[in-house]
Amino acid sequence: MYDKPLIYNVMKLELTKRFIFTALILFVLLAPERALSQQQVVFKDIFKPLVSSLNTPEIIGALAGYTFTDTLGNQVRLSDFLGKWVMVDLWYSGCGGCITANEGMRTVHDSLSKQGVVFLSISVDREREKWMASITHGAQKSSLNPWAGMYVPAKGTITLYTSGSGHDNEFRRAYVPKNIYPKLLLFDDKGLLISENPPRPDETPMDLIKFIRRHKD
């Protein structure tokens, strides 16, 4: 069953389409015959591109507009993953539940990564050094980060960071309003939020695998 953000996005899209088509019909009906050529120009230059743009995933995709940084310092747009299902895991160093969720997520990743599902591990740590130490196998623990090496994701997982914005990150504020971690989010191939509360993989990884397959297939 779809979550409220998905329903809201679809309703907004449909209302926008209806408004545009209603405006177009009124323009054609009320304009004088001598303005026919002008009507064609308006439709070609204004209405047609606008209507076409409404059919693109970016308009209704909840992933659109958010950018993170990967381990190499590259900017990664979440909209780049449109066309694939996306499983997002938001976490921070020091979160015990995030450690166990990450361990269970490895099983989920191994089962679904070759079936059109992309896995994103997004840290809300403010310090890049802490984040990098947490996801690096064999990293030396320190007073800054006693959790070094404890959040290593499954091989093939795309690991991202908020570039220092931490809990103030716009994506985090939109989807984790209560600061409860780990926060798992499932998006479909159109970038729409399917679930903001899927089964936790640390409890029963197979439940999450079945959940994703049920919605995806």
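The values are calculated or read from the model by the stated rules, or taken from the named source; none is laboratory data. No experiment lies behind these values; they were computed from the predicted model shown. Cβ atoms come from the backbone with ideal geometry, glycine included; neighbour counts cover every protein chain shown.
If the requirement is being aromatic (Phe, Trp, Tyr), closer than 30 Å to Arg213 by Cβ and surrounded by fewer than 20 Cβ atoms within 10 Å (Cβ to Cβ), which of these qualifies: Phe171, Phe68, Phe81, Phe119?
Phe81
Can you name the condition, by its number, that Asn179 falls short on among (1) buried (at least 17 other Cβ atoms within 10 Å of the Cβ); (2) touching a His at 6+ places or on another chain (Cβ under 9 Å)?
Every listed condition holds for Asn179 apart from (1).
Taking the stated definitions as given, is Leu185 in contact with a Pro (Cβ under 9 Å, 6 or more places away or on another chain), surrounded by 21 or more Cβ atoms within 10 Å (Cβ to Cβ) and modelled with pLDDT of 90 or more?
Spelling it out, Leu185 is indeed in contact with a Pro (Cβ under 9 Å, 6 or more places away or on another chain), surrounded by 21 or more Cβ atoms within 10 Å (Cβ to Cβ) and modelled with pLDDT of 90 or more.
Based on this model, can you work out whether Glu129 counts as within 18 Å of Lys183 (Cβ to Cβ), at pLDDT below 95 and out of contact with any helix residue (DSSP H, G or I) (no Cβ under 9 Å at 6 or more places or on another chain)?
no
Within segment 202-217, track down each residue that is surrounded by 16 or more Cβ atoms within 10 Å (Cβ to Cβ) and either polar (S, T, N, Q) or at pLDDT below 95 (or both).
Passing the criteria: only Asp202.
Hey, can you tell me all the residues within segment 99-135 that are over 29 Å from Asp188 (Cα atoms) and part of a loop (DSSP other than H, G, I, E, B)?
Residue satisfying the conditions is Glu127 alone.
Say we look at segment 50-84 and pick out the residues that are assigned to a loop (DSSP other than H, G, I, E, B) and closer than 12 Å to Phe171 by Cβ; which of these is modelled with the highest pLDDT?
Top of the filtered list is Tyr66.
So Ser163 clears everything in (1) crowded, with 17+ Cβ neighbours inside 10 Å; (2) in contact with a strand residue (DSSP E or B) (Cβ under 6 Å, 6 or more places away or on another chain); (3) in a loop (DSSP other than H, G, I, E, B); (4) not charged (D, E, K, R) except one condition, right? Which one?
(1)
Arg128: surrounded by fewer than 22 Cβ atoms within 10 Å (Cβ to Cβ), free of Cβ contacts under 8 Å to residues at least 60 places away in the same chain and under 20 Å from the mean Cα position of the chain (by Cα), yes or no?
No, not satisfied.
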